[in-house]
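Visitor: Quick one: the structure is below, questions incoming.
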Amino acid sequence: MTAHSEQSAPPSPGDYKSDYRPVWCPGCGHYSVLSSVTKALAELAPKREDVAVISGIGCSSRIPAYTSVYGFHSIHGRSLPVATGLKVARPDLMVIVCGGDGDGYSIGGNHFIHACRRNVDLTYVVMDNQVYGMTKGQASPTTPADWKKSKLTPHGTGVSPFHPLAVALAAGANFIARCYAGDPNGTARVITEAVRHPGFSMVQVLSQCVTYQPGQKEWKTTVRKSDLTATSSVAEAAKWMMTDDGLSTGVLYIGNRPVYRPALQESATIDDIETSFAV
């Protein structure tokens, strides 16, 4: 594979894909999300060495292996702390975080809130299929309360699902959007816009898991474009989010909070670090 830095022609999405073949289930929406991420990178056209894709654990978190940029497959729920540290230390890098609803809203829920609050210049792409797919279909934070397909919750969870966009808005995310994996070109355009917008950008992608949530096949006909034009009003966005049924897509909120960029001083050289690890 030829690096973009070595090319004269504009990059293509394929330039940002690795040689590893995805192992997701047939019909999984994550295939389309991967395509959207690489299409967005082709549009943004960074050098591959200037991009890092960070993930946690889960089906969605396999994405770094399927891209040809730098990547880090961190531990469960910890993708945002890793990405935050990287971006603060290397503000010159484009940092994209990819994960799922279980990884991001349950195990990593506290990190999600504070990443929104800090407003470091990151783009967080959450592939939301309302289930833990990698571990065979347990309820996740966004699973409907009456979903009875899991052996662990045969009578449903009995609790209201987590509302990620409303939480992101309340916590201070600077860009909030919802997309659908069945619209890969539209999702790519939103991810591109999210990366270009300064600050913490939250992109929820409805990415169907037809293996454990077969009812999500209906998203093909029930997901539609939002009637809300992207707003900079927290009150307007909050009112819309709390009355929407979760199936409307589009860029919903664009804020203008200052980006958190702490001034750092180098405390050690590369030689110092290498020496500290010597055995």
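Visitor: Given Cα pairs under 8 Å that are at least 6 residues apart, what percent is the relative contact order of the chain?
Guide: Rounded, it is 17 percent for the chain.
Visitor: Let me ask something else. If you line up the Cα atoms of the chain on their principal axes, what length do they span on each, largest first, in Å?
Guide: Principal-axis extents of the Cα atoms in the chain, largest first: 58, 44, 42 Å.
Visitor: How about Lys39: which aspartates and glutamates have a C-alpha closer than 18 Å to its C-alpha, ignoring those fewer than 8 places off in the same chain?
Guide: Asp15, Asp19, Glu49, Asp50, Asp183, Glu193
Visitor: Using r as the Cβ-Cβ distance of Thr243 and Ala278, and R0 as 41 Å, what FRET efficiency do you calculate, to the nearest 0.05?
Guide: Once rounded, the FRET efficiency stands at 0.10.
Visitor: Of Lys136/Lys239; Lys87/Lys239; Lys47/Lys220; Lys47/Lys239; Lys136/Lys217; Lys151/Lys225, which ones are farther than 30 Å apart at the Cα?
Guide: Correct reply: Lys136/Lys239; Lys87/Lys239; Lys47/Lys220; Lys47/Lys239; Lys151/Lys225.
Visitor: Among 244-254, 152-162, how do they line up by average Cβ neighbours within 10 Å per residue, starting with the highest?
Guide: Top to bottom by mean Cβ count within 10 Å: 244-254, 152-162.
Visitor: Next question. Going by alpha carbons, how many degrees (0 to 90, nearest 10) lie between the helix axis of 30-44 and the longest principal axis of the chain?
Guide: Helix 30-44 sits roughly 40 degrees off the main axis of the chain.
Visitor: Using the Cα gyration tensor of the stretch 155-239, with a ≥ b ≥ c the square roots of its eigenvalues, what is the shape: rounded (a/c below 1.5), prolate (a/b larger than b/c) or oblate (neither)?
Guide: Because a/c hits 1.5 or more and a/b fails to exceed b/c, the stretch 155-239 counts as oblate.
Visitor: May I ask you to give the percent of accessible area on the stretch 90-134 that is carbon plus sulfur, with a probe radius of 1.4 Å?
Guide: That share works out to 50 percent.
Visitor: At most 14 other C-beta atoms within 10 Å and a DSSP loop state: those are the exposed trypsin sites (Lys or Arg not before Pro) I care about. Give me the longest piece of the chain that has none.
Guide: That would be 152-279.
Visitor: Okay, helix-only estimate at 222 nm for the chain: each DSSP H run of n ≥ 4 adds -39500 (n - 2.57), divide by all residues, round to 500 deg cm²/dmol; what do you get?
Guide: -8500 deg cm²/dmol
Visitor: Would you please give the residues with an amide H less than 5 Å from that of Phe175, counting only those at least 5 places away or on a separate chain, with H modeled from the backbone geometry?
Guide: Met202, Gly255
Visitor: Suppose R0 equals 51 Å; then what is the FRET efficiency for Ser18 and His155 from their Cβ-Cβ distance, rounded to the nearest 0.05?
Guide: For R0 = 51 Å, the calculated efficiency reads 0.75.
Visitor: Averaged per residue, what accessible surface does the stretch 16-168 expose to a 1.4 Å probe, in Å²?
Guide: 42 Å²
The values are calculated or read from the model by the stated rules, or taken from the named source; none is laboratory data. Just so we're clear, the structure is a prediction, and the values are computed from it rather than from any experiment. Note that we place each Cβ from the backbone using ideal geometry, even for glycine, and neighbour counts take in every protein chain shown. The area values use the complete protein model at the heavy-atom level, side chains included, leaving out ligands, DNA and RNA. Shrake-Rupley method; radii C 1.70, N 1.55, O 1.52, S 1.80 Å.
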